[in-house]
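Quick notes on the structure that follows.
The values are calculated or read from the model by the stated rules, or taken from the named source; none is laboratory data. These numbers come from a predicted model, not from an experiment. Every residue, glycine as well, gets a Cβ built from its backbone with ideal geometry; the counts of neighbours run over all protein chains shown.
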Amino acid sequence: MNFITKTVCLTLFLLAFSFAHASTSVNQWMMHYYQQPTPQQTPQMLQQLVQKKLLTQAKSKAPIIAFFTQVFRQNPTQIETWAKSTQHFAVKQKAVIWQAIWQSNTPQGKEYLRSIDLSANSAEKIQLHKIMAEKPVSLLSKSIGSTAQLDQLWASFFATGDPAYVQKVISVVAWDNPLESKKKTSSVAEVKKAIIYAAAKWSLRSNAKKHDSVYLICQASLKTLRPQDRKEMQEILAGAQLQHGAA
């Protein structure tokens, strides 16, 4: 087993361990939101995220922002009402919500953030100005350079059901397989690429097991992938067929 493979195996073990301990009602609500959206539960779920200390955790913060960015974009007229329900949150917690509002790139969201800036305290102003200084960017237009981006893409899919987010994850399968490297030592960039590659495959297999729509998107990708990449996708689908029979 080469250096890259050892590193990737350890990373995937830790990733699987963290997912196994993240089974909460809010987690389930987010993962299945696209199947039956219940935006009216947003304030309640934001409260749960605070209670479970997930809102500002390093690993959960990015996908949470990505998820609520989509929910706010879908429900722009509710942004102010929902945001006001979080006024009692700590500044760092509110900043996560503000970032999702800003990234939703809606007139209502921008107007709300600019309005609260007028009466914000110094700590809040620092966070608001930092957030509003950044230009909202579509996840689909960015190159994948971290496993956090994979999490954001999945969160966006769970909020919308848009196949484009899954297809973006699938695009990693078309990379040259870094796990086939015969090197005993590898550069930081090579190890990082290998981790992203393995995490993308793992996440596709895992979500294809749980979500029929993900399985079907992966299956459809066989028509467009290069022959050498189809083999990788066929392995992913084979690993997910426990839930889907011989579909």
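Quick notes
- Residue check for Ser213: assigned to a helix (DSSP H, G or I), out of contact with any Cys (no Cβ under 6 Å at 6 or more places or on another chain) and modelled with pLDDT of 95 or more: yes
- For region 33-68, the set of residues classified as of a type in the set (Val, Ile, Thr), assigned to a helix (DSSP H, G or I) and farther than 16 Å from Phe158 by Cβ consists of Val50 only.
- Residue, farthest from Ile196 (Cα to Cα), within region 118-151, restricted to residues that are among the acidic types (Asp, Glu) and surrounded by 15 or more Cβ atoms within 10 Å (Cβ to Cβ): Glu124
- Checking region 172-192 against the condition returns no match, with no residue being within 20 Å of Ser60 (Cα to Cα) and touching a helix residue (DSSP H, G or I) at 6+ places or on another chain (Cβ under 6 Å).
- Residue list for region 131-159, filter: assigned to a helix (DSSP H, G or I) and over 29 Å from Gln41 (Cβ atoms): Ser141
- When we screen Ala22, Ala16 for residues that are in a helix (DSSP H, G or I) and either modelled with pLDDT under 95 or more than 24 Å from Tyr165 (Cβ to Cβ) (or both), the only hit is Ala16.
- Every pair of residues 6+ apart whose Cβ atoms lie under 7 Å, when the first sits in region 37-57 and is free of Cβ contacts under 8 Å to residues at least 40 places away in the same chain while the second is not in a helix (DSSP H, G or I): Pro39/Asn75; Leu49/Leu55; Lys52/Thr24
- For region 162-192, a residue qualifies if it is part of a helix (DSSP H, G or I), of a type outside the set (A, V, I, L, M) and at pLDDT 90 or above, and the qualifying residues are Pro163, Tyr165, Gln167, Lys168, Ser171.
- Of all residues in region 233-247, exactly one satisfies the criterion of being at pLDDT below 90, over 21 Å from the mean Cα position of the chain (by Cα) and assigned to a helix (DSSP H, G or I), namely Gly239.
- Qualifying residues in region 69-101 (those that are polar (S, T, N, Q) and part of a helix (DSSP H, G or I)) - the one farthest from Leu49 (Cα to Cα): Thr77
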